Structures are given as C-alpha cells and as structure tokens.
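Q: Before I ask anything, let me first share the structure, which is written out below as structure tokens.
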Amino acid sequence: MTAAVRKTRPVRRRRFQLRSMTRWVVFGVVGVYLLLPLVAMLEFSTRDVGWSRSFAAWRDIGVNRELLGAVTLSLELAALTVIGMLVLLTPTMVWVHLRVPRLRRVIEFICLLPLSIPAIVLVVGLAPVYSWVNYIFGDSPLLLAYVYVILVLPYAYRAIHASLLAVDIETLSEAARGLGASWPQVFIRIVVPAIRGGLLSASVLAIALVLGEFTISSLLNYDTLQVIVNLLGLRNAGVSVAVSLAALIFGFVLLFVVSTVGSRRRRVVRAAAQAEGVNGSDS
C-alpha cells in the first residue's frame, strides 16, 4: 500500500505542475491580449518625429480649454447620473425585494428595456422631448443626466440585484423592526451598508457609461468627452488617443478602489462575526 502511494506521488506532482503551468500560460496570454492595446495607445500618444518620444500630446490635455470643458461636463453628468440612479433604483429594488417580491420580474423587465432599444432609436424619441425640456428649463447639457440614468438601469440593476441576493436583508430588516427601528432607519443603517458593494459597482458602471457615451450626446448636439475626443481625432490624433488612454486608466483606478473598499468591508464584517462568536462561546 505504501509503495503504491509512493508511485502515485510523482504523477500527482506532475499533474499539479502541468495545471499550474497551464494556468499561468492562460493568464499570460490574456494579459498580453488586454495590455497590448494599452501599450500601443501609449506608444502612439508619445510618438514624435524621427521615432523620438514626446509627451506633448499629454501636456495638451491640460491646456486645451475645449477638452477641459468636456471633461468637466462629463464628470458632472457622471455624478448626476450616479445620484439619480441610486435614488431611483435602490429604494425601489429594496421595497420590491422586501414587500412585493412578485413584482421583481416586472422591475427587471423595465430595467432591461434600454438594452433592447438602439441608441439611435432613443434619440429619435428623445429629440422632441428635449426640445420642450430645453424650451422650459434652458439648453443645459446637464439635462443629459436624465437619459443616462435610463441607459445605466440594466447594468445597475444587475449589480444591486446580486448584492440583494447575497445578503439576507429580510431577516436583518425584521430584526431591526423588532428592535423598534423605523423603515427609513432600516434602509439607511441596515440595508445600504449590507449592499454597499453592489452600490459601488453600479456607480462605477454608471461612470464608465457616461464617460464612454457618444451617440446620444452627439446627435443631441452636446459636447461631452467622447464628442470632443472624436473631433480631436480629426485634428490631433495623439491628443485624442492620450485622452482615451487617460479615461481607461481612470476607469481601472475606480475598479481598484471599489474592489479594495469591498474586500476591506468583507474583512471587517468577518472579523466582527468571529469576535462575536468567540465572545458567545466564552459566555
């Protein structure tokens, strides 16, 4: 029996090494596939005459007033979209999840509708509406936030819905209500911290959508980031590529921050649960 075990050990070791090597090869291929376009963008944006390197395109980002105005506008639209999405979607989904679960399919269908409607069709329907909105409230590009809230609903719904399914908020809310908490207190102090990871993910998706949206803002004649980047590509391709790469880096940083905050939150909750278990066993 011992001899048979000794014979199988080298086989298992080789299998483990082969799996580990295969895993690293796959990771390497995927990493090269994802990083190669970014490296190409960096190389193109720093290319100068005679194969020399220059950061003139990156310096132009900080002095181009048209571009800075578009970046400011897109960030403002992103903030308004995140606020509108969270205010509209989070209480609705929590209320449906706790009180009327039979309406989950209806809410899901409504939230997923923007995925099935092309952007050009949305513009055809929104153009008459925005003509009246601009007539009443003025021609402000911040009014695009209403459209962006609708566009981000499918992605935000999935992120928040996954967090609601991962946490037993029914039991938590019932316990809080039994201790005398009101529904606003349950929502703010119990539910929102429990699904904070999903809310952060939905916010990142909303920001990414706003920073990358081109069709609607272009057809409605608003100078958002992607519209100006497209115009810069006709005049100065290096600056256009540099701005696109900077936007990608900004998105990666946001994802890193969200993942760090979410993992830290899980560690804190896990440590608190372990401490509570130790105290309970000691008593």
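Q: In the chain, if the dipole is taken from +1 on Lys/Arg beta carbons and -1 on Asp/Glu beta carbons about the Cα centre, which of Leu68, Val32, Val94 is farthest to the positive end?
A: The one lying farthest along the dipole's positive direction is Val32.
Q: Just to check, using Stokes-Einstein with a Kirkwood Rh over alpha carbon pairs, what's the diffusion coefficient of segment 28-69 at 25 °C and 0.890 mPa s in µm²/s?
A: Using the Kirkwood radius from Cα pairs, D works out to 204 µm²/s.
Q: Spelling out what I want: for every residue of segment 125-131, take phi, set θ = phi - 60°, compute 6.51 cos²θ - 1.76 cosθ + 1.60 (Karplus), and round to whole Hz; glycine and proline get x.
A: Rounded to whole hertz, the list is x, 8, 4, x, 5, 6, 5.
Q: Something else about it: Calculate the tail of P(r) for the chain: the fraction of all Cα-Cα distances greater than 28 Å, expressed in %.
A: 57 percent
We did not get these values from a lab; they are worked out from the coordinates using the rules stated. All figures in this text were calculated on a predicted structure; none of them were measured in a lab. With ideal geometry, Cβ positions are generated from the backbone for all residues, glycine too; neighbour counts draw on all protein chains shown.
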